[in-house]
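Novice: The structure under discussion is supplied below as structure tokens; questions concerning it will follow.
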Amino acid sequence: MKKIMKKVLLTVAATLVSGAMSLAIAGSKPAPGATYKVLAWNDLGMHCACPTFEGFLLLPPFNTVRAQVLKYGGNDPVVMSATSAATDKITINYAMVENTDANLKADTYFASWIANAPKLFPGFAPVDGTGKVMGLAGYGLYGTMGYNSNLLAFEAVGIPAYPLHTGNTAKDVMTDPLGGPTRDPYLTANVTVKDSTGATVASTSTVVPVAFGGCCSCHLQLASAMGYPATPAGSFAALGVMHGKNSSGINIAMIDPDGDGVGGPVRCSWCHWDPAMGEAAAPGWPAGTKLLAGATFTLKKSTMSFSDVLHRFHNQSALVKSTYDPNIATNCYKCHPGNGIQCYRGVHVTKASTMFCMDCHGNLTQRTSTNQLAQPWKMSTLPSCLGPSAGITSAFACHSNKITVYPASPAFAGAFINGRGHKGSIDCQACHGSPHAERPSSLAADNVGVAAANSSVAGATYPAGVNSSYPLGVCKFCHPNKSTVWQKPYHL
């Protein structure tokens with residue numbers, strides 16, 4: 001399971017790095033008396049999770065935090081690797097701030113995940129023997145980061161981050177679709193570099209975003225209209241009936257994977273493969289899956305991806321368009337992520353207020369007609385810094401100023417999340433931030449880490465219209481003998 005879920009690592013899409021001077025890759029040794037700096041980011045501008053898990057699962061709690069560590073002591077820094085970190089006897093650690101083992105266990109919605117996760121992912125224990133809440137890839141809410149040699153970055157994969165009610169009205173901005181109190185979707189992770197004595201030698205923080213999807217907004221109404229209770233259980237029953245009317249004839253609410261005599265929980269990707277679950281084909285139903293009395297269908301697997309069937313159905317459904325959202329093809333916030341959260345908050349929207357999701361990805365009609373969703377989350381179907389998705393025409397000019405992305409693989413998730421510029425040494429996101437939350441983001445918390453990095457240079461100055469919240473561009477942050485003026489170096 002850990003191996004499978006680790007394939008989920010690489011996730012997302014959009015701009016590049018600051019700097020033309022070459023940085024050394026770990027292996028060369030800086031002068032004695034070296035110091036360290038760290039840059040950190042979340043892999044996605046927003047992850048989605050569900051408020052309950054008794055019925056069906058779209059996505060599990062799964063955030064990934066990454067960091068690059070720079071070692072100084074000469075003219076240019078060294079990008080630390082797992083080997084050089086071990087030689088220097090430093091560890092790179094992370095810790096969620098708002099989420100704790102105790103408050104997640106006490107949260108009613110997350111308790112539903114703890115109860116149902118072993119059924120949805122057989123063999124997985126959401127709480128380990130010490131009482132620590134764990135994620136699917138083996139990382140908890142705090143600990144030591146692993147190393148990704150493709151990104152030259154340290155990372156904690158699949159952290160079980162979850163939106164919580166904190167009581168802080170400025171932070172609790174997400175509406176609970178089930179009527180509970182508002183919640184904080186923009187969580188925080190602290191990243192620290194510690195030496196062999198446990199002393200912190202470098203630190204930063206990053207936003208860890210996770211919010212509820214917008215499914216409940218329509219599906220509770222649908223359940224009520226069909227004569228079911230406007231509750232998660234009622235919605236699951238109603239959805240089962242609706243699903244049973246498609247060509248498969250499968251009423252998912254009548255599937256009993258854990259054999260307890262009650263329908264659910266059902267993981268959609270058991271039937272419809274999902275690259276976000278590390279799948280290239282549908283794995284099929286767990287051993288021991290039963291059908292409830294009265295079921296007349298047989299279980300089968302689909303060759304269509306989960307992204308494809310989900311988006312295609314909603315865009316082509318006459319009921320959806322006539323009753324629930326006639327503009328579903330362009331109303332991305334109906335589902336992503338919904339509940340009053342605008343996950344698209346990066347520089348693209350702040351600089352061009354009319355630029356929206358479909359300018360890069362296309363609308364749902366275009367996405368299905370160009371067959372993007374038959375191979376979702378692939379570099380070949382996602383937009384890049386150089387242009388929109390294949391087959392999509394954008395009114396906005398993309399970047400063409402000699403951008404080079406290293407490496408060109410893996411194909412999962414796209415060029416920006418896998419990309420390294422600056423002689424192949426620095427990850428795109430280290431300077432620019434997460435896709436859909438690129439700096440300067442309209443959410444001030446997204447800019448905190450980079451602002452601290454830019455401002456750490458004594459005498460740093462900025463051209464007109466630029467400030468420290470812009471991507472890391474004060475050359476002297478990395479190169480002691482270079483300029484204190486913020487600028488746009490080449491991305492080669």
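Novice: Just one of (1) among the aliphatic types (A, V, I, L, M); (2) touching a strand residue (DSSP E or B) at 6+ places or on another chain (Cβ under 9 Å); (3) part of a loop (DSSP other than H, G, I, E, B) trips up Val448, so point out which.
Specialist: For Val448, the exception is condition (3).
Novice: Check whether at least one residue in the stretch 425-433 is touching a residue at least 12 places away in the same chain (Cβ under 8 Å), in a helix (DSSP H, G or I) and farther than 29 Å from Ser307 by Cα, and report yes or no.
Specialist: Checked against the condition, which is being touching a residue at least 12 places away in the same chain (Cβ under 8 Å), in a helix (DSSP H, G or I) and farther than 29 Å from Ser307 by Cα, the stretch 425-433 yields at least one hit.
Novice: Has the stretch 403-416 got any residue that is touching a Gly at 6+ places or on another chain (Cβ under 9 Å), part of a loop (DSSP other than H, G, I, E, B) and farther than 30 Å from Trp273 by Cβ?
Specialist: Yes - at least one qualifying residue is present in the stretch 403-416.
Novice: Quick one: in the stretch 361-379, which of the residues that are over 21 Å from the mean Cα position of the chain (by Cα) and in a helix (DSSP H, G or I) is surrounded by the fewest Cβ atoms within 10 Å (Cβ to Cβ)?
Specialist: Among residues in the stretch 361-379 that are over 21 Å from the mean Cα position of the chain (by Cα) and in a helix (DSSP H, G or I), the one surrounded by the fewest Cβ atoms within 10 Å (Cβ to Cβ) is Ser369.
Novice: Scan the stretch 304-314 and give yes if some residue there is in a loop (DSSP other than H, G, I, E, B), of a type in the set (Ser, Thr, Tyr) and either buried (at least 19 other Cβ atoms within 10 Å of the Cβ) or in the same structural domain as Val450 (by TED's automatic domain parsing) (or both), otherwise no.
Specialist: Within the stretch 304-314, the first condition is being in a loop (DSSP other than H, G, I, E, B), and the residues that meet it are 304-305.
Next cut, of a type in the set (Ser, Thr, Tyr) only: 305.
Restricting the remaining residues to those that are either buried (at least 19 other Cβ atoms within 10 Å of the Cβ) or in the same structural domain as Val450 (by TED's automatic domain parsing) (or both) gives 305.
Yes: the stretch 304-314 contains one or more residues that are in a loop (DSSP other than H, G, I, E, B), of a type in the set (Ser, Thr, Tyr) and either buried (at least 19 other Cβ atoms within 10 Å of the Cβ) or in the same structural domain as Val450 (by TED's automatic domain parsing) (or both).
Novice: Report yes if some residue within the stretch 442-459 is in contact with a helix residue (DSSP H, G or I) (Cβ under 8 Å, 6 or more places away or on another chain), among the acidic types (Asp, Glu) and surrounded by 18 or more Cβ atoms within 10 Å (Cβ to Cβ); otherwise report no.
Specialist: no
Novice: Name the one entry in His491, His422, His436 that is modelled with pLDDT of 90 or more and of a type outside the set (Asp, Glu).
Specialist: Criteria check complete, one pass: His436.
Novice: So, one more: Only one of (1) assigned to a loop (DSSP other than H, G, I, E, B); (2) aliphatic (A, V, I, L, M); (3) buried (at least 19 other Cβ atoms within 10 Å of the Cβ); (4) in contact (Cβ under 8 Å) with a residue 24 or more places away in the chain fails for Ala276. Which number is that?
Specialist: Of everything listed in (1) assigned to a loop (DSSP other than H, G, I, E, B); (2) aliphatic (A, V, I, L, M); (3) buried (at least 19 other Cβ atoms within 10 Å of the Cβ); (4) in contact (Cβ under 8 Å) with a residue 24 or more places away in the chain, Ala276 misses just condition (1).
Novice: While we're on this one: Could you give every pair whose Cβ atoms fall below 8 Å, whose first residue belongs to the stretch 105-134 and is under 12 Å from Pro160 (Cα atoms), and whose second residue is among the charged types (D, E, K, R) and in a loop (DSSP other than H, G, I, E, B), counting only separations of at least 6 or pairs across chains?
Specialist: That search, which allows pairs on different chains as well, returns Met134/Asp128.
Novice: At least 1 residues that are surrounded by fewer than 18 Cβ atoms within 10 Å (Cβ to Cβ) in each: list the strands (runs of 3 or more DSSP E) lying fully within the stretch 125-233 that qualify.
Specialist: So the answer is 142-144, 146-148, 186-194, 200-212.
Novice: Could I ask something else about it? Tell me which residues, restricted to the stretch 188-213, are touching a Leu at 6+ places or on another chain (Cβ under 8 Å) and either free of Cβ contacts under 8 Å to residues at least 40 places away in the same chain or within 28 Å of Ser469 (Cα to Cα) (or both). Reasoning before the result, please.
Specialist: We begin by selecting, within the stretch 188-213, every residue touching a Leu at 6+ places or on another chain (Cβ under 8 Å); these are 204, 207-210, 213.
Result: Thr204, Val207, Val208, Pro209, Val210.
Novice: Turning to a different aspect of this structure: Might you let me know whether the stretch 351-360 holds any residue that is in a strand (DSSP E or B) and either assigned by TED's automatic domain parsing to the domain that holds Pro489 or farther than 24 Å from Tyr490 by Cα (or both)? Explain how you work it out, then say what you get.
Specialist: First, the residues of the stretch 351-360 that are in a strand (DSSP E or B): none.
Taking every residue of the stretch 351-360 in turn, none turns out to be in a strand (DSSP E or B) and either assigned by TED's automatic domain parsing to the domain that holds Pro489 or farther than 24 Å from Tyr490 by Cα (or both).
Novice: I need a count of the residues in the stretch 62-98 that are of a type in the set (S, T, N, Q) and out of contact with any strand residue (DSSP E or B) (no Cβ under 6 Å at 6 or more places or on another chain).
Specialist: Total satisfying the criteria: 3.
Novice: Determine which member of the set Asp260, Asp325 is more than 30 Å from His399 (Cβ to Cβ) and exposed (fewer than 15 other Cβ atoms within 10 Å of the Cβ).
Specialist: The unique qualifying residue is Asp260.
Novice: Additional query: Hey, among Ser394, Ser434, Ser389, which residue is hydroxyl-bearing (Ser, Thr, Tyr), crowded, with 16+ Cβ neighbours inside 10 Å and out of contact with any Pro (no Cβ under 6 Å at 6 or more places or on another chain)?
Specialist: It is Ser434.
The values are calculated or read from the model by the stated rules, or taken from the named source; none is laboratory data. On a predicted model such as this, the values are computed, not experimentally measured, just so you know. Note that each Cβ is placed from the backbone with ideal geometry, even for glycine, and that neighbours are counted across all protein chains shown.
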